[in-house]
Amino acid sequence: MSEETNFIQTTSFMHVRELEPAVAFFRDLLGFKAYIHVHDYAYLEREGCGIRIWAHPAQEGERVGNRSFRYYFDVRDVDALYAELKPKLDLLPKGDVHGPADKHYGQRELLILAPDGDLVCFGQAIFKMPNT
């Protein structure tokens, strides 16, 4: 076996009823690039961070988005990202964007309501983690 580690990354998986609005959200609004885009599935990535999107009919008892933190992307400079995205974010309905704002748990975060009803969060650490 190789000396390389086996794990590569963790990738969020969004479940939606309609694929195209979700793909457009990540591609056109947030600047992700679609690497796979078929009739019911897409994989998009930006700077090594990916998201998988699967469109399927509602399942009985399935939870619908309720503005939960579901998709978290750690970034180095959340304010620079906000400045880049701001012209497009300004077109979203009032209440769909929060931040960037400092949080008591040591992150500066930008929250954007996603097509599935949950939140996409871009967060930047604003404190140094102790060496472990």
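The values are calculated or read from the model by the stated rules, or taken from the named source; none is laboratory data. Keep in mind the model is a prediction, meaning the values are calculated, not measured. Neighbour counts are summed over all protein chains in view; Cβ atoms, including those assigned to glycine, are modelled from backbone coordinates with ideal geometry. Surface areas here come from the heavy atoms of the whole protein model, side chains and all, with no ligands, DNA or RNA. Shrake-Rupley method; radii C 1.70, N 1.55, O 1.52, S 1.80 Å.
Scanning segment 60-69 finds no residues that are at pLDDT 85 or above, farther than 17 Å from PRO21 by Cβ and open to solvent by 100 Å² or more (accessible area, probe 1.4 Å).
When segment 97-118 is filtered for residues that are within 25 Å of VAL16 (Cβ to Cβ) and open to solvent by less than 30 Å² (accessible area, probe 1.4 Å), the ones remaining, listed by number, are GLY99, GLU109, LEU110, LEU111, ILE112, ALA114, ASP116, GLY117, ASP118. Being in contact with a Pro (Cβ under 8 Å, 6 or more places away or on another chain) and either modelled with pLDDT under 90 or under 19 Å from LEU110 (Cβ atoms) (or both), is that true of even one residue in segment 25-45? There is at least one residue in segment 25-45 that is in contact with a Pro (Cβ under 8 Å, 6 or more places away or on another chain) and either modelled with pLDDT under 90 or under 19 Å from LEU110 (Cβ atoms) (or both). Condition (residue is under 24 Å from PRO21 (Cα atoms), hydroxyl-bearing (Ser, Thr, Tyr) and open to solvent by 20 Å² or more (accessible area, probe 1.4 Å)) applied to segment 77-87: is it met by at least one residue? Among the residues of segment 77-87, at least one is under 24 Å from PRO21 (Cα atoms), hydroxyl-bearing (Ser, Thr, Tyr) and open to solvent by 20 Å² or more (accessible area, probe 1.4 Å), which makes the answer yes.
Total residues in segment 9-24 satisfying the condition of being assigned to a strand (DSSP E or B), over 11 Å from the mean Cα position of the chain (by Cα) and either at pLDDT 95 or above or polar (S, T, N, Q) (or both): the figure is 0. Suppose we filter segment 5-37 for residues that are without any contact (Cβ under 8 Å) to a residue 24 or more places away in the chain, surrounded by 16 or more Cβ atoms within 10 Å (Cβ to Cβ) and either among the small types (Gly, Ala, Ser) or touching a helix residue (DSSP H, G or I) at 6+ places or on another chain (Cβ under 9 Å) (or both); how many remain? Adding up the residues that qualify gives 1.
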